[in-house]
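Chemist: Mind having a look at this structure? Questions to follow.
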Amino acid sequence: MSFDTPAGTRGARSRGLSGPIGRWVQQRMMKQHRKSWKFMGMDLLFLTTTGSKSSQQRTTPVAWFPNGDGTWLIVASAAGSAQNPAWYRNIAAHPDRLQIELGDRKIAVTAEQLTGPAREQAWERIVAAQPRYAKYQQKTDRELPVIHLAPKPS
């Protein structure tokens, strides 16, 4: 399980807000998204990771795609930014401390970054479902990581 996709040299500008205003905006958006579990026509889950530097829990809404076997696929796209999203770095630092929230369920999960043919097959399904991801890939020179999430064995 390797989470070592390097940052790119080009990509979309990050639109993230930081500081107290950014946290306030994010809290309001997450409250709204929890009502519908959708954003821009995509299904959402809430991914909780442990911060790579702070060791604090961080929750982020992330679009997900069904993998057909009761598991989920997510993409570390950052909308085509040259940098991987913070949650990707958090998974790399603490892969054993992951949880998703989906509807009224909280599920401990394991994560695996897909590579080779498994990634290509998943990527084809993702861009068929949401063509915007192909556009995100065109904006950056890094390969957008596709992450497979599965319930953690009991």
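All of the numbers you see were taken from the coordinates with simple rules; none came from a lab. Bear in mind the structure is a predicted one, so any value in this text is a computation, not a measurement. Cβ sites come from the backbone with ideal geometry, for glycine too, and all protein chains shown count toward neighbours.
Chemist: Projected onto the charge dipole of region 37-151 (+1 at Lys/Arg Cβ, -1 at Asp/Glu Cβ, origin at the Cα centre), which of A150, S54, V109 gives the Cα projection farthest towards the positive end?
Modeler: It is S54.
Chemist: Amide H to amide H under 5 Å from T110: which residues, 5+ apart in sequence or cross-chain, H placed 1.01 Å off N in plane?
Modeler: Answer set, sorted by chain and number: A150, K152.
Chemist: Among residues other than A150 whose Cβ falls under 13 Å from its Cβ, what is the net charge (Lys/Arg +1, Asp/Glu -1)?
Modeler: After counting each charged neighbour, the total is -1.
Chemist: Another question about this same structure. Tell me, what HN-Hα J-couplings in whole Hz come from the Karplus equation 6.51 cos²θ - 1.76 cosθ + 1.60 at θ = phi - 60° for each residue of region 146-151, using x for Gly and Pro?
Modeler: 10, 10, 9, 10, 9, x
Chemist: I've got another one for you. Give, as a single signed number, the net charge of other residues whose beta carbon lies under 9 Å from the beta carbon of T110, with Lys and Arg counted +1 and Asp and Glu -1.
Modeler: That sum, taken over residues with Cβ under 9 Å, equals -1.
Chemist: Give me a comma-separated list of calculated 3J(HN,Hα) values for region 94-102, in order, Karplus coefficients 6.51, -1.76, 1.60 applied at θ = phi - 60°, integers in Hz, x for any Gly or Pro.
Modeler: Running phi through 6.51 cos²θ - 1.76 cosθ + 1.60 with θ = phi - 60° gives 9, x, 8, 10, 10, 8, 10, 10, 9 Hz.
Chemist: In the calculated pair distance distribution of region 37-151, what percentage of Cα-Cα distances lie above 16 Å?
Modeler: Cα-Cα pairs of region 37-151 separated by over 16 Å account for 58 percent.
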